[in-house]
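Enquirer: Could you have a look at this structure, given as structure tokens, before my questions?
The values are calculated or read from the model by the stated rules, or taken from the named source; none is laboratory data. The model shown is predicted, which means the values in this text are computed figures rather than measured ones. Backbone-built Cβ (ideal geometry, glycine too); neighbour counts: all protein chains shown. These accessible areas exclude ligands, DNA and RNA; they are computed on the full protein's heavy atoms, side chains included. Shrake-Rupley method; radii C 1.70, N 1.55, O 1.52, S 1.80 Å.
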Amino acid sequence: MDQRVARAARLIENRAEGLYCPAAQAFIDPVRPVDRAIITHGHGDHARSGHGAVLATPETLAIMRRRYGEDCAGTMREAAYGEVLSVGDCAVRLEPAGHVLGSAQVVIEHEGSRVVVSGDYKRRPDPTCRPFQPVKCDIFISEATFGLPVFRHPPVEHEVGRLLESVRLFPERAHLVGVYALGKAQRLICELRKAGWDEVIYIHGALAGLCRLYEDLGVTLGPLSGIEGVPKAGLQGKIVLAPPSTIGDRWSRRLPDPVTAVASGWMGVRARARQRGVELPLIVSDHADWSELLQTIDEVVEGALWVTHGAEEALVHVAQARGLEAQALRLVGYDAEDDS
């Protein structure tokens, strides 16, 4: 192992609770309660309740409070993007990850070594969050949710255009779009607004709380409404967003002959769309696709790549072919979907 990588590797241990930095005496996105945690973003497989102390961006802490309650951790410490903090013996800062509102990479520096833990990230523009900030490092710890060459996501504008074209073609039907409650729902709403859809967007009650929080945190979503009290005929030609689990259940029967859609990176796999009975698969992901993963490796890795979860082997193989040291950590407890 390269000596620079060897020094940096001492900053991170792979424990049962998750990634641990001994010099900072802190875990990053631990999967069970710990004394001190640094949280990259608010999705439930990364942000859990019950920690003694939590460090995260203000937006991530607000999301955690909304999801788990005001007392979800012993103490909560806010860190603005780029703010350098002393955590144990380390200098720690959070940089944008581009995944969802408040998402961050954790940059850890100690005795001349730098490790970046990316959490989940994407490289596409997203009107609801700050874009990914490349940070060169000795070790980059990356996800690989879509870490196979088959995953090359189209522009989000293309997929939104397909949705709006379907609405135009089938004005007598509602369009029911499955979206995850945190990040995907708000992003799709904003992309629809950018594309000129200024009508009311109807949302399932499970999305309402986080949509209100996004508004409170400065993300403008436009007119939203639940479907309660709206006659079935009044939802013809409308767009309705709901958690993917509601598609096909009794709630969806309130809609007039709905066109079922799901917005997810997994909709690029036709078998998944067919299995879920999705009529209009929309390839919209909040994770980096294969090209973006390779772009990121080329931009930031100066020593080694460690891969946390997803299609680890392919990304490790490519990194090694590029002359980098690389390994799969095979962490457990992190979902391959956008939210848990």
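Enquirer: Name the residues of segment 1-37 whose amide N is less than 13 Å from a point 7 angstrom out from the Cα of Gln320 along the C-beta direction?
Expert: none
Enquirer: Oh, and also: Which value, in Å², gives the accessible area per residue of segment 1-106 when a 1.4 Å probe is used on the protein heavy atoms?
Expert: 38 Å²
Enquirer: Extending each Cα 7 Å along its Cβ direction at Val135 and Leu85, get the distance between those two points in nm, one decimal.
Expert: Roughly 1.2 nm, to one decimal.
Enquirer: Using DSSP to define loop residues, name the trypsin sites (Lys or Arg not before Pro) in segment 118-199 whose beta-carbon has at most 13 other beta-carbon atoms within 10 Å. Walk me through the intermediate numbers first.
Expert: Details: sites: Lys122, Arg123, Lys136, Arg152, Arg162, Arg168, Arg173, Lys184, Arg187, Arg193, Lys194; in loops: Lys122, Arg123, Lys136, Arg152, Arg173.
Answer in residue order: Lys136, Arg152.
Enquirer: Next question. Work out from phi, with θ = phi - 60° and the Karplus expression 6.51 cos²θ - 1.76 cosθ + 1.60, the ³J(HN,Hα) of each residue of segment 187-204, listed in order in whole Hz, and give x for Gly and Pro.
Expert: Per-residue couplings from phi come out as 5, 5, 4, 5, 5, 5, 4, 4, 7, x, 7, 9, 6, 4, 9, 8, 10, 5 Hz.
Enquirer: Once neighbouring chains are kept in place and the probe is 1.4 Å, which whole percent of the accessible area of the chain is contributed by carbon and sulfur?
Expert: 49 percent
Enquirer: Can you count the Lys pairs in the chain whose Cα atoms are under 29 Å apart, with each pair 8 or more apart or on different chains?
Expert: 9
Enquirer: Ignoring solvent entirely, what values of log10 I(q)/I(0) come out of the Debye formula for the chain at 0.10, 0.11 Å⁻¹ when each Cα is a single scatterer?
Expert: Computed log10 I(q)/I(0) values: -0.59, -0.71.
Enquirer: At 222 nm, what value in deg cm²/dmol follows for the chain if DSSP H runs of at least 4 each add -39500 (n - 2.57) and the sum is divided by all its residues, to the nearest 500?
Expert: The helix-only estimate for the chain comes to -7000 deg cm²/dmol at 222 nm.
Enquirer: Among the GluC sites (Glu not before Pro) in segment 163-219, which ones are in a DSSP loop with at most 10 other Cβ atoms within 10 Å of the Cβ? Mind listing them?
Expert: In loop regions of segment 163-219 (DSSP not H, G, I, E or B), the sparsely surrounded GluC sites (Glu not before Pro) are Glu172.
Enquirer: To the nearest 20 debye, what charge dipole does segment 241-340 have about its Cα centre, counting +1 at the Cβ of each Lys and Arg and -1 at the Cβ of each Asp and Glu?
Expert: Dipole magnitude for segment 241-340 comes out near 700 debye.
Enquirer: Give me the number: length gained by fully extending Asp298 to Asp249, i.e. 0.36 nm times residue separation minus the C-alpha to C-alpha distance, one decimal in nm.
Expert: The span from Asp298 to Asp249 would gain 13.2 nm if fully extended.
Enquirer: If each residue of separation counts as 0.36 nm, what is the full-extension length gain between Leu164 and Ala6 once their alpha-carbon separation is subtracted?
Expert: Full extension from Leu164 to Ala6 adds 51.7 nm.
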